[in-house]
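In what follows, a structure is listed as structure tokens, so that the remarks can point back to it.
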Amino acid sequence: MCDHAHAQGLTEVCMSVEPDPVSRRIENRFRQLLEAAPDAILEVAADGSITLANVAAETMFGYSRAELVGQSIEILVPCEKRSVHARYRAGYAENPKVRPMGPGLELEAQRKDGTLLPVEISLSPNRSGEPTSVIAIVRDVSQRQHMEMMLRRSEERLRQAEKLEALGRLAGGVAHEFNNLLSMVLGYSELLLPAVPQESRHHLEKITASARRAAALTRQMLAFGRRQMLEPRVLDLNTVVIESCRIASRLLGENVETIVLPSLQPAWIKADPTQIDQIMANLASNAHAAMPQGGKLTVSVSRAEVGENNLVEHPHVAPGSYVLLSISDTGSGMAPEVQARLFEPFFTTREFGQGTGMGLASMYGMVVQSGGSVSVYSEPDVGTTFQIYLPSVPPEEEAAPRAAPLDAEQFRGTETILLVEDQPPLLELSREFLERLGYNVLTADLPEKAMQISHEFGGTIDMLLTDVLMPGMNGRELGYRLRKERPEMKVLYVSGFPDRVFEGPGELDVDEAFMEKPYSFDELARKIREML
């Protein structure tokens, strides 16, 4: 009786014993950590069935916990890879000490809706029970892969920009030397033309025409190298685009439909209108070549914002408000390898004699020089879209109208001009031309010599006509020094490297002007008389 009572009491005591509080806290803490984990955590039994899943696994795969537990792990594997996965699992079941898939393995998982998800999987054996199970930690790496792709794209764009920058410097240097040579060809051709018999003039005219085409090519090279002299003014891009498309539609022909979509509000930018016309002409020509059988050209103007998060796509611009010019065609499109070289000078896919390969290269340089950016989207047999971002500016008052051009009879003069040019043939040629117009010409082949002539000459020097890039002192510095002594003297700078004109003391004064080499003597004569 006593023994029975004792046994009954012991049973009641045992039944009333609660779990160890420490063990309970550890278990609760483990469950909290399991549910808070950002990665999906699964326990998989030796037979491949899922025995445990946390809340992240539900979110990642789209199954509820009740749907996951008890199912084969193969439901999370793409259908075409399930047989391979089953062989891995079978091998692991036979030898659990061997890890069939190492930590950090990147694979594809399949969600409940059938979509695929790039994941990184780490496996570790759980030997706390028998038989041994596997703990799988699954991480969604889609965002990381996206960032890696964006980084690769950014590096590729940076390399392309650096390559184009280097090519631009090379092209600008070549154009500068070429301009001096072309100036002499054009100048001597003009001087010879009146003295050549009428029946032989067509040969000289062909020489002049060829030199002018070469000069146009050097201007394109300077545009690509962003070394053109700009005359920017505030303008509504809508107006320029509408007029350019009106002209382009006649050139494109009746089999190309041109659609113009201007912005609802004025799209004010500050740019050289001549450059905008050139950009439109280059892109229209490119679209026409891509649509030999006809198609559709769509040109639109809109407002756009460039933020910090999309500077990768626009490496030359700062965050802010822009006007977006978009030109799309339904032509043949371009393969990726063509797009990669699209803005390289002299690269072209056209047949020999049908293009120089400078159109898009110069367009790229013009846009960047205006503070903008160019993006290209193209797909073979679908078409191409150029997106040009130009800085948006508030409207300003229109510039004062320019003076009326001079008549040819007004080109002559009797003033004194100090001519400075470090290329002796060009110096002699320019002197001869100016003297034919009636000017008194003082010549110097170095800036130091020009300084000496100015000091020793007792009369009035009405104009300094000087090259910019010269040994020692440049033309800007020379003009600054001489005008301190002769403040009434006009200064006309000439150069084949326009961007170097402003490497000097301040902006050009009202009595200073610039001409880009090569120029015709007609243009030079007109400019001198306008200034004097």
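Among the protein heavy atoms, those of Lys296 account for about 80 Å² of accessible surface (1.4 Å probe, every chain in place). Close amide H partners of Ser263, meaning residues 5 or more places away or on another chain with modelled amide H under 5 Å apart, are Val301. Neighbours of Ser142, meaning other residues whose beta-carbon lies under 12 angstrom from its beta-carbon, give a summed charge of -2 when Lys and Arg score +1 and Asp and Glu score -1. Residue by residue, region 290-306 carries 3J(HN,Hα) couplings of 7, 10, x, 9, x, x, 10, 10, 10, 10, 10, 10, 8, 9, 8, 10, 10 Hz when phi is fed to the Karplus relation 6.51 cos²θ - 1.76 cosθ + 1.60 (θ = phi - 60°); x denotes Gly or Pro. For region 138-147, the Karplus equation 6.51 cos²θ - 1.76 cosθ + 1.60, evaluated at θ = phi - 60°, returns couplings of 10, 10, 6, 10, 5, 5, 5, 5, 5, 5 Hz by residue, with Gly and Pro reported as x.
Compared with the alpha-carbon gap, the fully stretched path from Val22 to Val55 is longer by 9.4 nm at 0.36 nm per residue.
Stretched out straight at 0.36 nm per residue, the stretch from Thr239 to Glu35 would grow longer than its current Cα-Cα span by 67.3 nm.
The alpha carbons of region 238-341 stretch over 42, 35, 23 Å along the principal axes, in descending order. Annotation: amide H of Lys296 within the under-5 Å range of Glu257, Thr330, sequence separation 5 or more or interchain, hydrogens built in the peptide plane. As a calculated quantity, the FRET efficiency between Leu532 and Ile259 at R0 = 51 Å, using C-beta atoms, amounts to about 0.55. Sequentially through region 361-372, phi angles give Karplus couplings (6.51, -1.76, 1.60; θ = phi - 60°) of 5, 5, 4, 4, x, 4, 5, 5, 5, 8, x, x Hz, Gly and Pro residues having no value and appearing as x.
The values are calculated or read from the model by the stated rules, or taken from the named source; none is laboratory data. Being a predicted model, the structure only gives us computed values, none of them experimental. Glycine also receives a Cβ, built like all others from the backbone with ideal geometry; neighbour counts cover every protein chain displayed. The area values use the complete protein model at the heavy-atom level, side chains included, leaving out ligands, DNA and RNA. Shrake-Rupley method; radii C 1.70, N 1.55, O 1.52, S 1.80 Å.
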